[in-house]
Amino acid sequence: MGAPTSGPIAEFFLQNLEHIHLTHLSNRHKITGYLRYVDDVLLIYDSNHTDIQSILDDFNAMHPNLKFTAETETNNKINYLDLTIQRTATCWKTSIYRKPTFTDTIIPYSSNHPTQHKYAAIKFLYNRLNTYNLQENEYKTEENTIRNIMQNNDFPIHPYHPPPPRQTTIAPDERTTTTIQKWATFTYVGKETTFITNLFKKTDLGITLRTNNTIQSLLMQKQQTSDIYSQSGVYKLMCPDCNKAYVGQTGRNFEVRFNEHKNAFKTNSHTSNFAKHLIEQAHLFSSIQNTMQILQRHSKGAHLNTIERYYIYA
């Protein structure tokens, strides 16, 4: 955690140290391979000519604020990132490595999430399977692991065919044209959201989806309001006699808006379509508990118009 620039600054710092010290250390200790991803380093060396403890001491001497630790191979195997690398007499073999704390929990197929979100983990696992250079037995083992993950999370099991690589052709007169794509974010509530977003597929508008059930919303304790009618949002008024409904919105609290409908009924005013219906049909005006249903609570803003239209035509 920290400032967004922390990662790039740390990377600049490490690359500068590597530029200053790496060539000297590699020649001194006869290091034949140096691979680093963020703060994980893989060293390849000949143990007959190199002492790992001596390397570790020199690495820790590069800067007082850096502390390196070393993990050596066991039975000719070592884990690096998500790989287990095995050294044989003729070659190196790789397999997928998972920590002992690994669980096969991903977004369940039955979860109310966009399909793209649910299949993102599956696509990643298959992409890694087909990208890494795995032996045939390791490939089959990982493929079975992926199938078990899908089965345990209620995904339909069917043969996976990776999509072909995208090929884009740019016309000569478009090479110098720079366009900024516009994006719209939709909150996923179900198949209705998918239907709406599909309408934009053939447009230049990019679509991204989000959900409300985030970790933040689950962990943060929100102040609960005891009276739901003291909030704002979209509501429905039900006629107690014929069950016809009126859907409306308010940026003030629901009770204030309800009293406006009630006053329009008492004064025989046409400022409320709901009150107009009751007057014309000679129906009664009931209490707020029996008449008003809160459809969705939301703060005042233009988004209320969209929510209101959704509930009107839903």
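The values are calculated or read from the model by the stated rules, or taken from the named source; none is laboratory data. It should be emphasised that the depicted structure is a prediction, and the values quoted were computed from it without experimental measurement. Cβ: placed from backbone, ideal geometry, glycine included. Neighbour counts: every protein chain shown.
Some observations on this one:
- Checked against the criteria, Ile85 counts as within 30 Å of Asp46 (Cα to Cα) and not in a loop (DSSP other than H, G, I, E, B).
- Residue in region 119-146 that is farthest from Ile85 (Cα to Cα), counting only those that are without any contact (Cβ under 8 Å) to a residue 24 or more places away in the chain and of a type in the set (D, E, K, R): Lys123
- Residue among Asp40, Asp46 that alone is closer than 27 Å to Ala89 by Cβ, loosely packed, with under 14 Cβ neighbours inside 10 Å and touching a Lys or Arg at 6+ places or on another chain (Cβ under 8 Å): Asp46
- Filter result for Leu278 (touching a Phe, Trp or Tyr at 6+ places or on another chain (Cβ under 7 Å) and under 30 Å from Tyr188 (Cβ atoms)): no
- Close pairs from region 46-71: first more than 16 Å from His21 (Cα to Cα), partner polar (S, T, N, Q) and part of a loop (DSSP other than H, G, I, E, B), Cβ under 7 Å, at least 6 apart: Ile52/Thr72
- Filter pass, Asp104 being under 33 Å from the mean Cα position of the chain (by Cα) and exposed (fewer than 14 other Cβ atoms within 10 Å of the Cβ): yes
- Candidate set: region 158-198, residues that are surrounded by 10 or more Cβ atoms within 10 Å (Cβ to Cβ) and in a loop (DSSP other than H, G, I, E, B); chosen: the one modelled with the highest pLDDT: Tyr188
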